[in-house]
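The structure under discussion appears below in the form of structure tokens.
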Amino acid sequence: MLAVTMKLMRKIFLLVFVLGVSCAAFAQTDRASWANLNGLRPGQKIQVVGVTSKKHSGSFLSVSDTAISYREATGEQSIPKQDVVSVKLMENKHRLRNTLIVAGVGAGVGAGIGAALHKGCSSQSFCLDIGGAALPAAVGAVVGGLGGAVTGVLLPSHSTIYQVSPH
């Protein structure tokens, strides 16, 4: 029984690893192009990180081939292109969607682990197996779903529009 459980756990780990790698590869986009900033609309909230790692936040105004301009509390600011490390769009468009997806994945993984860890009655004189494999699967689904929901809420949902590629 232990060997079967270990085989199942290895298969689950392999599946999670393969899905994780494929999702990470899908998420990779070309962020090193300054031209990506042309898609921003005036008034959108952005965060610009400079070469000194200082973060500047404000409303996007415009972009040229040489600089990005934004408005912060102290007024209009402009940062030269060579001093910009990254630009992020500060919108939380998909936070609820991401939370629900990660909670669902957590519930599914928790249910699978709970069901896999269930041990049925053996040939004993008295055995009370209430719920069978469904009870540990349900408990695993609840715990996994809650853990996934917390993780989904904490995941950043700001999209990076421009980022200097490290050399």
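Which residue out of 106, 58, 50 is at pLDDT 90 or above and farther than 22 Å from residue 35 by Cα? Full working, then the answer.
Working: 58 fails: farther than 22 Å from residue 35 by Cα; 50 fails: farther than 22 Å from residue 35 by Cα.
So the residue among 106, 58, 50 that is at pLDDT 90 or above and farther than 22 Å from residue 35 by Cα is 106.
Six or more apart or on different chains, Cβ atoms under 6 Å: show the pairs whose first residue is in the stretch 31-49 and under 10 Å from residue 61 (Cα atoms) and whose second is at pLDDT 90 or above and open to solvent by 20 Å² or more (accessible area, probe 1.4 Å).
Short answer, once both residue conditions are applied: 42/61; 43/59.
When you go through 64, 69, 86 one by one, which is the residue that is touching a residue at least 40 places away in the same chain (Cβ under 8 Å), open to solvent by less than 60 Å² (accessible area, probe 1.4 Å) and within 24 Å of residue 39 (Cα to Cα)?
On the way: 64 fails: touching a residue at least 40 places away in the same chain (Cβ under 8 Å); 69 fails: touching a residue at least 40 places away in the same chain (Cβ under 8 Å).
Among 64, 69, 86, only 86 is touching a residue at least 40 places away in the same chain (Cβ under 8 Å), open to solvent by less than 60 Å² (accessible area, probe 1.4 Å) and within 24 Å of residue 39 (Cα to Cα).
Does the stretch 22-40 include one or more residues that are among the acidic types (Asp, Glu), open to solvent by less than 70 Å² (accessible area, probe 1.4 Å) and at pLDDT below 90?
Taking the stretch 22-40 and keeping what is among the acidic types (Asp, Glu), we get 30.
If we keep only those that are open to solvent by less than 70 Å² (accessible area, probe 1.4 Å) as well, we get none.
The answer is no; no qualifying residue exists.
Given the criterion touching a residue at least 60 places away in the same chain (Cβ under 8 Å), open to solvent by 70 Å² or more (accessible area, probe 1.4 Å) and more than 30 Å from residue 54 (Cβ to Cβ), identify the matching residue among 96, 117. Talk me through it step by step, then tell me what you get.
On the way: 96 fails: touching a residue at least 60 places away in the same chain (Cβ under 8 Å).
Only one candidate qualifies: 117.
What are the residues in the stretch 80-125 that are hydrophobic (A, V, I, L, M, F, W, C), within 18 Å of residue 156 (Cα to Cα) and in contact with a Phe, Trp or Tyr (Cβ under 9 Å, 6 or more places away or on another chain), if any?
87, 89, listed by residue number.
When you look at residue 152, is it open to solvent by less than 70 Å² (accessible area, probe 1.4 Å), within 21 Å of the chain's Cα centre (by Cα) and either polar (S, T, N, Q) or farther than 30 Å from residue 59 by Cα (or both), yes or no? Let's see the steps before the verdict.
Working: open to solvent by less than 70 Å² (accessible area, probe 1.4 Å): yes; within 21 Å of the chain's Cα centre (by Cα): yes; either polar (S, T, N, Q) or farther than 30 Å from residue 59 by Cα (or both): no.
No: the conditions fail for residue 152.
Looking only at residues that are outside any strand (DSSP E or B) and within 19 Å of residue 47 (Cβ to Cβ) in the stretch 140-165, which one is modelled with the highest pLDDT? Please lay out each step first, then the result.
Step one: filter the stretch 140-165 for residues outside any strand (DSSP E or B), giving 140-158, 164-165.
Narrowing further to those that are within 19 Å of residue 47 (Cβ to Cβ): 154-158, 164-165.
Working: 154: 81, 155: 77, 156: 70, 157: 69, 158: 74, 164: 85, 165: 75.
Taking the candidates together, the pick is 164.
Within the stretch 132-141, is there a residue that is within 30 Å of residue 48 (Cβ to Cβ), of a type outside the set (D, E, K, R) and surrounded by 15 or more Cβ atoms within 10 Å (Cβ to Cβ)?
Narrowing the stretch 132-141 to residues within 30 Å of residue 48 (Cβ to Cβ): none.
No, the stretch 132-141 contains no residue that is within 30 Å of residue 48 (Cβ to Cβ), of a type outside the set (D, E, K, R) and surrounded by 15 or more Cβ atoms within 10 Å (Cβ to Cβ).
The values are calculated or read from the model by the stated rules, or taken from the named source; none is laboratory data. Note that the structure is a prediction, hence the values are computed from the model and not measured. All Cβ positions, even for glycine, are placed from backbone atoms using ideal geometry, and neighbour counts span all protein chains on display. These accessible areas exclude ligands, DNA and RNA; they are computed on the full protein's heavy atoms, side chains included. Shrake-Rupley method; radii C 1.70, N 1.55, O 1.52, S 1.80 Å.
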